[in-house]
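The values are calculated or read from the model by the stated rules, or taken from the named source; none is laboratory data. Since the model is a prediction, treat every value here as computed from it, not as a measurement. Quick reminder, even Gly has a Cβ in these numbers, built from the backbone with ideal geometry, and neighbours come from all protein chains shown. Side chains included, ligands, DNA and RNA excluded: accessible areas come from the protein's heavy atoms. Shrake-Rupley method; radii C 1.70, N 1.55, O 1.52, S 1.80 Å.
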Amino acid sequence: MVDFVLAFSRILAVFSRLVLWMAGAGLVAMTVFIGMQVWGRFVLNDTPTWTETSSILLMGWVIFLGAAVGIREGNHLSFDVLLYVLPRPLVKICHSISDLVVIAFGAGMIGYGLQLAATTWATTIPNLGITGATSFFSLIFGGVLMVLFSLERLLRRVVGLHTPRFGDDVIEE
């Protein structure tokens, strides 16, 4: 079982790195689009209409992809004061409960994101000419990643592998 979890973690590490690069590329593209909008408005006196809408869509992707990677790497802040006084086995249980809550939250993102996408499928984003459901794809995909990465954290903990948390000095793959 440990070998399976280690192999699964290695695959998710590569996938997580790819997702982080995608989020970074989205941030760069968003910056370029806003720059184009400002240039068009103040220099050319002809504002491109698609840049703002595209930037808002990209912002959703950057936020949800980055949040999912932050969950995998244990980089989110947490309120751990109680954990300092609990015995180690209870601390692991609390960490697992935390991961289960994130899984539930991610599942909610998926479920409600799918409902919102289905509701807005027939609409069109005017500046882009694409379905309104596109606005919720980042929510759905981010939820899938959060569930996947939290499941990995739970599996690592079950087989006794180190699972990084915010403030840890040791990061193991």
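A few remarks follow.
- Residue check, LEU20 farther than 30 Å from THR124 by Cβ, open to solvent by 30 Å² or more (accessible area, probe 1.4 Å), of a type in the set (A, V, I, L, M, F, W, C) and touching a helix residue (DSSP H, G or I) at 6+ places or on another chain (Cβ under 6 Å): yes
- The stretch 44-101: number of residues that are open to solvent by 70 Å² or more (accessible area, probe 1.4 Å), closer than 26 Å to LEU18 by Cβ and either in contact with a Lys or Arg (Cβ under 7 Å, 6 or more places away or on another chain) or assigned to a loop (DSSP other than H, G, I, E, B) (or both): 3
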